[in-house]
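Enquirer: Before we start, here is the structure in question, set down as structure tokens.
Taken together, the values in this text are just the output of simple stated rules run on the coordinates, not laboratory data. This is a predicted model, so every value here is computed, not measured. Please note: Cβ atoms are built from the backbone with ideal geometry, for glycine as well, and neighbour counts cover all protein chains shown.
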């Protein structure tokens, strides 16, 4: 899936920016945080599907069914050519899954590790499904895309899980009963 970039079209750029704005506003407001996070997930999933499956040429030439099962081949090519198309593919594949990892980790109940593993696991399953669909649609499926997308989901999950645990502990301290001073 030679990715054009996460901002391949104005509509997708607006969707990603809107998801991030809604996420930030929701977190600032407290009560709307879950709704904002679900909206961020929906926008991000729609943007990923748009970039990877719906944009013409986003996943290679249609009718060119090919599966690259050699790990790190495209990643190495991107790292060797900073600023090139393969490098943008590398960066875009990671960046596009970071917001998803953040939002999912924030939505999952539990501690840091549960949030991290669940959000990363969902990212792996989602990117695997995308690559499977791309191959089924006679496009190029690439194991490196799964590695890169999963890395982005993991990076976002680390941030989301850490923020959630910190915010949860702050809220717990605020709502904990305060020790009353001794009566005179």
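Enquirer: Between residue 55 and residue 113, take the C-beta separation as r, use R0 = 22 Å, and let me know the FRET efficiency to the nearest 0.05.
Expert: Numbers: r = 36 Å, r/R0 = 1.62.
Calculated value: 0.05.
Enquirer: Arrange 120, 64, 151 by Cβ neighbour counts within 10 Å, fewest through most, would you?
Expert: Exposure proxy ranking, most exposed first: 64, 151, 120.
Enquirer: Just want the ordering: 126, 112, 132, 97, from fewest to most Cβ atoms lying within 10 Å of their own Cβ.
Expert: Details: 126 20, 112 17, 132 13, 97 29.
Neighbour counts put them in this order, fewest first: 132, 112, 126, 97.
Enquirer: Suppose each label sits 7 Å from its Cα in the direction of the beta carbon; what would the residue 73-residue 35 distance come out to in nanometres?
Expert: 4.8 nm
Enquirer: Counting C-alpha atoms alone, how compact is the range 71-184: give Rg to one decimal and Dmax as a whole number, in angstrom.
Expert: In Å, with Rg to one decimal and Dmax whole: 19.9, 81.
Enquirer: At R0 = 25 Å, how high is the FRET efficiency between residue 84 and residue 42 if r is their beta carbon distance? Nearest 0.05 is fine.
Expert: On the way: r = 33 Å, r/R0 = 1.30.
Result of the calculation: an efficiency of 0.15.
Enquirer: In which sequence would 96, 155 go, from the one with the fewest C-beta neighbours within 10 Å to the one with the most? Display every interim value, and only then the final one.
Expert: Numbers: 96 26, 155 18.
Ranked by crowding around the Cβ, least crowded first: 155, 96.
Enquirer: Under a plain spin-label model, where a point goes 7 Å from the Cα along Cα-to-Cβ, how far apart in nm are residue 65 and residue 137?
Expert: Inter-label distance under the simple model: 1.5 nm.
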